[in-house]
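A.B. asks: Would you mind keeping the following structure in view while I ask a few things?
Coordinate-derived values only; no laboratory data. Keep in mind the model is a prediction, meaning the values are calculated, not measured. Heads up, the Cβs are rebuilt from the backbone with ideal geometry, glycines too, and the neighbour counts pull from every protein chain shown.
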Amino acid sequence: MSILIKDTTREERERIVAESLGNIDALCDGCMAGLAEMYQDYIDGKREIRDINMEFNARYVSGDDMPGRSSCGYEK
């Protein structure tokens, strides 16, 4: 089954994101709401999941948009 925007409806994309994330109500620890919002462009048909994930991973590795993170914490 393709998850590309061109091959899915909005409802299917909502289901794909919900099933992938699990508890998107964020009642457990408050972090899931941000993840659900991160995929809104995919649900709206604006950006593919692959692009969203690549951007997230690039920011995580580089530390961009992450206050207080300046390095991996490993000291030589």
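A.B. asks: Could you list which residues have their amide H under 5 Å from that of Arg47, counting only those 5 or more apart in sequence or on another chain, with H placed in the peptide plane?
C.D. replies: Placed amide hydrogens put Tyr42 under 5 Å from Arg47.
A.B. asks: Step through the residues of region 45-53 one at a time and calculate ³J(HN,Hα) from phi using the Karplus curve (6.51 cos²θ - 1.76 cosθ + 1.60, θ = phi - 60°), rounding each to whole Hz and writing x for Gly and Pro.
C.D. replies: Karplus values, whole Hz, x for Gly and Pro: x, 9, 9, 6, 4, 4, 5, 5, 5.
A.B. asks: With each pseudo-label sitting 7 Å past Cα toward Cβ, what's the Thr9-Asn57 distance in nm, one decimal?
C.D. replies: In this crude label model, Thr9 to Asn57 measures out at 3.1 nm.
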